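Read through the structure below, which is laid out as structure tokens, and then see the notes.
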Amino acid sequence: MPSPRPRSWPKRLLRALLVGLMVPVLLFEEWGWVPLAAGVARLAALPMWAGLERRIRALPPWAALASFMVPVLLLLPVKLGALWLFAEGHMATGLLLLAVAKLAGTALVARIFQLTQPSLMRIPLFARCYLRWKYWKDSVLQTVRAHPLWRAARHPGVALRRRWRSWRRHWRAWNA
């Protein structure tokens, strides 16, 4: 089998820059996907929300794909409001609003994906793209997590969490 053609250095540089810009987004999505979706899933205790989730789960493949537009459309006015706040000079409030919108959007998209994934995987093009995306994302995150800078940055957080848990155990034992 012939070896792949080597990429030119501008293409390699552009690819490295794009991957570098995507890493923070990937890390945020990875960090927030499961807990945020679980938070939205707790709303299923409400009868109206549970009914909505049943309807979403029952969507045919192409309607399930279209359901991802709901968070986009719901959050568009919020994002426009943040832009208005920026224009009025309220930078901190605008950033806070954008952060809340990002968290809410991620939570809704994650939950919708959990509900519709079996239906979406029946679309051949979606299934191929999703599997390629997942493979690429996992390989990028594996590379980031294996990097010495990442491991060094994570180490103090791990030690701090251990100290915090130890302090809480001692505090509870002392107050018991």
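Odds and ends about this structure:
- Of all lysines in the structure, the ones whose alpha carbon falls short of 28 Å from that of residue 102, not counting any fewer than 8 places away in one chain, are 79, 134, 137.
- Fewest-first ordering of 53, 29, 88 by other beta carbons within 10 Å of each residue's beta carbon gives 88, 29, 53.
- Segment residue 68-residue 44, length gained on full extension (0.36 nm per residue, minus Cα span): 6.8 nm
- Between residue 27 and residue 146, the modelled label-to-label distance comes to 1.8 nm, taking each label 7 Å out from Cα in the direction of the beta carbon.
- Under the span-like rule (Cα at least 20 Å along the axis, Kyte-Doolittle mean at least -0.5), DSSP H helices of the chain: 9-41, 69-87, 91-120, 124-146
- Residue exposure proxy: 121, 48, ordered by other Cβ atoms within 10 angstrom of their Cβ from fewest to most, comes out as 48, 121.
- Alpha-carbon spread of segment 34-108, three principal axes, descending order, Å: 45, 26, 21
- Listed by Cβ neighbour count within 10 Å, with the fewest neighbours leading, 130, 135 appear as 135, 130.
- Magnitude of the charge dipole, segment 6-115, Cβ model with Lys/Arg +1 and Asp/Glu -1, debye to 20: 400
- Total formal charge among the other residues, if their Cβ is under 12 angstrom from that of residue 36, Lys/Arg +1 and Asp/Glu -1: +1
- Within the shell of other residues whose beta carbon sits under 15 angstrom from the beta carbon of residue 117, the net charge comes to +4, with Lys and Arg scored +1 and Asp and Glu -1.
FYI, it's all coordinate maths here, none of it is from the lab. Owing to the predicted nature of the structure, the values given are computational and were not obtained by experimental measurement. Glycine gets a Cβ as well: all are built from the backbone with ideal geometry, and neighbour counts include every protein chain shown.
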